Amino acid sequence: MANLSKNKNPMPAQNPEERNKTFDEVALGYTEALAKSEAERCLNCKKPYCVDGCPVNVQIPEFIKKIADGDYEGAYSTIKQTNTLPAVCGRVCPQESQCEAECIRGRNGEPVAIGRLERFAADRHNANNPANPEKPTPNGHKAAVVGSGPAGLACAGTLANLGWDVTIYEALHTPGGVLVYGIPEFRLPKSVVKKEIDDLIRLGVKIVTNVIIGKTLMVEELFEDGFEAVFLGSGAGLPKFMGIPGENLNGVYSANEYLTRVNLMKAYKNSSTPVLRPKKVAVVGGGNVAMDSARCALRMGAEEVRIVYRRSGDELPARAEEVAHAKEEGIIFNFLTNPVEITGDEKGFVNGLVCVNMVLGEHDSSGRRAPAAKPETKHTLEVDCVIMAIGTNPNPLIKTALPGIETHKWGGIITDDDGKTSSENVYAGGDAVTGAATVILAMGAGKKAALAIDKAIRGKER
Amino acid sequence: MNRIIYRENLNDFVTLMKVDAELVAKKAKPGQFVILRAEEDGERIPLTIADYDRAEGSVTIIFQIVGATTEKLNRLGVGDYIVDLAGPLGRATETSEYKSVAVIGGGVGSAIALPIAKQLYNEGAAVYSIAGFRSRELVILEDRFREISDKYILMTDDGSAGEKGLVTDALKVLIESGIKLDCVIAIGPLIMMKFVCLLTKKYGIKTIISMNPIMIDGTGMCGGCRLTVGGETKFACVDGPDFDGHLVDFDEAMARSAIYKNQERSAHDDICNLFKKEADQ
């Protein structure tokens, strides 16, 4: 029986007043009853636009139908056919601008809660201690993957499923890339990431940590070691700063540094990694990373946390749900506000953020209205910490790893549609190619490159 | 996991460890560093590579016990494992263009200066080494320095070993003696490097310093190690750790190095108390 409700079943979540003090996951996930009734909202369209909206083309109506029928494991298998990390994507994908943006139900009411259903299927599968996945028959080919973030994991998973012998090289001590150092526990529990990575290891993927390609090993050496193809998924790690006075004061963090200290290095659990515990925090930027930083700062004990964003609320690039959660938790939003200087005390610690108000003008190259400063509106926000979440550039070490690889001026690796770079048998994808984007776009690129690698190398045999 | 294959207490506060790290040893060059974690959930700290042996597949680290992590590291012995060690990171020190160099090491900084002095010496440059310490008990690596120096000058604050005075005093005497230096390489506390640079600027001698700031990943990701060089922001991990000392904003770097001073002190005390308790039992 179809569910004709115009609204999605709401996501059960922790109470905002309680959750803003802990790192436990905010969104609790659908119960079986909520999932089933939400699944019944799907019209199972003959021409499913939602599938086109998904960067890895998850067979959405098919898996949702299985949830409606109570075949949860079947739903999971359907998702897993095209998506290496369902439990991650169900949590962090910007569904509202992808699959759910295309959903027919969204034309008159809310779209089907595809992301929540994906998470339900994945969590259900993981909770039932599934049997080891069957190892595919080895095809005798070897590939190396640089970086264990979303792009690398998707590429490795896809190749392993095709029978490739895959080794991932990770620079940090823990695999997962931005999934472990960037996205906080309360939005993406690390146990969820670990579970998905363990699945890959069971598939036969090898992960070598503490190896920096470009320093410890060069790409050429990987080929000498017998790898036939190399995928570069080294991400966009290099944080941007604004270039305003005072940015090197104590208490100015890149979002990367702040999030890494709190999440990967577990400062939230009192590990030996130090982090400042400021009272009043300004986070500059309006993306998911800005929301994550602000919500972390609140949980680390700050009394007042504000987002400082130079455009208006309509232009916020963050996922709608994260913005809503941040507001519920008490994050203050200073829209149309842009920092011009950070001030400090005599010991070099931050004590203020000087800002000007902005006004939106004509549409710029990004299609958004360009903000312009109103200099007469200069004012100072009293803060003891500033977190810069204004984006990142591709990791600079990759050029050392493979001298001669063609890159854009801003550092991004140049590839064709399949992820092929200017170097033979070297592919790339994710933020290293596009600049900072989303988990799912990186996964899509990793998967695409994996299929292209398989075609190029194994195609020769046929 | 990297096995410790040799350890030596250079003095009561400074320890030398040789660690199995084949891939790092294969690529390591003087001036580069590794990042390590002494134990699970421990902090990531950068340590300069003091020496390496490609045949043996080992790297040598020398560290001063200054905080919780180095305290824990110092508790490890031969046969124990360091949980994570990654490198070699940073750019190597460029030495090939110099023919006559003063290499200055302050305190544990001499451990970092040693491989650079050694490389210069092996390349045929005249090496004038100046090492400064607070007092006789803290002197390290004296013999190793003498082997690879045309001249070795030992300075202590209290005069209990070598000559009494600062490394800058010795450098001034050296320069005024008429020896022509085409470069000074200074590695040690920020305040020492600052004053070496002020002196060499007067004489117009190029000066290279090595930064050792707080960092997490060492690959350009966190930006915690940033400093101002010639008015521009640089990352010590990927742009350094060596910089033209005459362009570095040392006052800013000193303020930045003190960011976690209070937290570090309490962490250090916690660890010490923990060890004391263990020892009492």
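Structure values in brief
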{"read-out": "Residues within region B:33-49 that are in contact with a Phe, Trp or Tyr (Cβ under 9 Å, 6 or more places away or on another chain), touching a residue at least 40 places away in the same chain (Cβ under 8 Å) and open to solvent by 10 Å² or more (accessible area, probe 1.4 Å), tallied", "value": "2"}
{"read-out": "Residue pairs meeting the criteria (Cβ under 8 Å; at least 6 apart or on separate chains; first within 16 Å of B:I185 (Cβ to Cβ), in region B:143-156; second among the polar types (S, T, N, Q) and open to solvent by 20 Å² or more (accessible area, probe 1.4 Å))", "value": "B:I148/B:N122"}
{"read-out": "Any chance B:V229 is within 14 Å of another protein chain (Cβ to nearest Cβ), open to solvent by less than 30 Å² (accessible area, probe 1.4 Å), more than 14 Å from B:G90 (Cβ to Cβ) and at pLDDT 95 or above", "value": "yes"}
{"read-out": "Candidate set: region A:199-212, residues that are in contact (Cβ under 8 Å) with a residue 60 or more places away in the chain and surrounded by 24 or more Cβ atoms within 10 Å (Cβ to Cβ); chosen: the one farthest from the other protein chains (Cβ to nearest Cβ)", "value": "A:L200"}
{"read-out": "Scope region B:124-149; condition among the acidic types (D, E) and surrounded by 14 or more Cβ atoms within 10 Å (Cβ to Cβ); matching residues", "value": "B:E142"}
{"read-out": "Filtered residues of region B:1-29 (kept if open to solvent by 60 Å² or more (accessible area, probe 1.4 Å), away from chain A (no Cβ under 14 Å) and either part of a loop (DSSP other than H, G, I, E, B) or under 12 Å from B:I65 (Cβ atoms) (or both))", "value": "B:N9, B:D12, B:F13"}
{"read-out": "Tally, over region A:213-235, of residues that are assigned to a loop (DSSP other than H, G, I, E, B), open to solvent by 10 Å² or more (accessible area, probe 1.4 Å) and either within 14 Å of chain B (Cβ to nearest Cβ) or at pLDDT below 95 (or both)", "value": "5"}
{"read-out": "Single condition A:S191 does not satisfy, out of (1) surrounded by fewer than 19 Cβ atoms within 10 Å (Cβ to Cβ); (2) under 30 Å from B:A92 (Cα atoms); (3) of a type in the set (S, T, Y)", "value": "(2)"}
{"read-out": "Helices (runs of 4 or more DSSP H) contained in region A:52-167 and holding at least 3 residues open to solvent by less than 10 Å² (accessible area, probe 1.4 Å) and farther than 25 Å from A:N7 by Cβ", "value": "A:150-161"}
{"read-out": "Top-ranked residue in region A:275-317 [being acidic (D, E) and outside any helix (DSSP H, G or I); ranked as surrounded by the most Cβ atoms within 10 Å (Cβ to Cβ)]", "value": "A:E304"}
{"read-out": "Residue count for region A:348-370, restricted to those that are under 24 Å from A:R277 (Cα atoms) and assigned to a strand (DSSP E or B)", "value": "7"}
{"read-out": "Residue in region B:83-99 that is farthest from B:L114 (Cα to Cα), counting only those that are surrounded by fewer than 24 Cβ atoms within 10 Å (Cβ to Cβ) and within 10 Å of chain A (Cβ to nearest Cβ)", "value": "B:V83"}
{"read-out": "Residue pairs meeting the criteria (Cβ under 8 Å; at least 6 apart or on separate chains; first closer than 22 Å to A:L441 by Cα, in region A:99-113; second open to solvent by 60 Å² or more (accessible area, probe 1.4 Å) and of a type in the set (F, W, Y))", "value": "A:E102/A:Y49; A:C103/A:Y49"}
{"read-out": "Residue match in region B:77-90 (condition: farther than 20 Å from B:Y6 by Cα and free of Cβ contacts under 8 Å to residues at least 40 places away in the same chain)", "value": "no"}
{"read-out": "Residues of region A:170-183 satisfying the condition of being buried (at least 22 other Cβ atoms within 10 Å of the Cβ) and either part of a loop (DSSP other than H, G, I, E, B) or not β-branched (V, I, T) (or both)", "value": "A:E170, A:A171, A:L172, A:P175, A:G176, A:G177, A:L179, A:Y181, A:G182, A:I183"}
{"read-out": "Residues of region A:258-274 that turn out to be more than 8 Å from chain B (Cβ to nearest Cβ) and in a loop (DSSP other than H, G, I, E, B), as a count", "value": "1"}
{"read-out": "Filter pass, B:T60 being at pLDDT 95 or above and within 30 Å of B:A161 (Cβ to Cβ)", "value": "yes"}
{"read-out": "Search result, residues across region A:318-347 that are of a type in the set (A, V, I, L, M, F, W, C), over 30 Å from A:M11 (Cα atoms) and either touching an Asp or Glu at 6+ places or on another chain (Cβ under 9 Å) or assigned to a loop (DSSP other than H, G, I, E, B) (or both)", "value": "A:L336, A:I342"}
{"read-out": "Single condition A:Y253 does not satisfy, out of (1) at pLDDT 95 or above; (2) part of a loop (DSSP other than H, G, I, E, B); (3) at negative phi; (4) within 14 Å of chain B (Cβ to nearest Cβ)", "value": "(2)"}
{"read-out": "When residues of region B:245-265 are limited to those that are over 23 Å from A:L276 (Cα atoms) and out of contact with any Ser or Thr (no Cβ under 7 Å at 6 or more places or on another chain), the one least open to solvent (accessible area, probe 1.4 Å)", "value": "B:V248"}
{"read-out": "So A:A282, is it under 17 Å from the mean Cα position of the chain (by Cα), more than 14 Å from chain B (Cβ to nearest Cβ) and small (G, A, S)", "value": "no"}
{"read-out": "Some residue of region A:237-254 being open to solvent by less than 10 Å² (accessible area, probe 1.4 Å), touching a residue at least 24 places away in the same chain (Cβ under 8 Å) and over 16 Å from B:C225 (Cα atoms)", "value": "no"}
{"read-out": "Sole residue being open to solvent by less than 30 Å² (accessible area, probe 1.4 Å) and out of contact with any Gly (no Cβ under 6 Å at 6 or more places or on another chain), chosen from A:S423, A:S365", "value": "A:S423"}
{"read-out": "Residue check for A:A373: part of a strand (DSSP E or B), modelled with pLDDT under 95 and either in contact with a helix residue (DSSP H, G or I) (Cβ under 8 Å, 6 or more places away or on another chain) or not aromatic (F, W, Y) (or both)", "value": "yes"}
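The values are calculated or read from the model by the stated rules, or taken from the named source; none is laboratory data. What you see is a predicted model, and the numbers here were worked out from it, not measured in a lab. A quick note on method: Cβ atoms are made from the backbone with ideal geometry, for glycine too, and the neighbour counts reach across all protein chains shown. We work out accessible area using only protein heavy atoms, side chains counted, and drop any ligands, DNA or RNA first. Shrake-Rupley method; radii C 1.70, N 1.55, O 1.52, S 1.80 Å.
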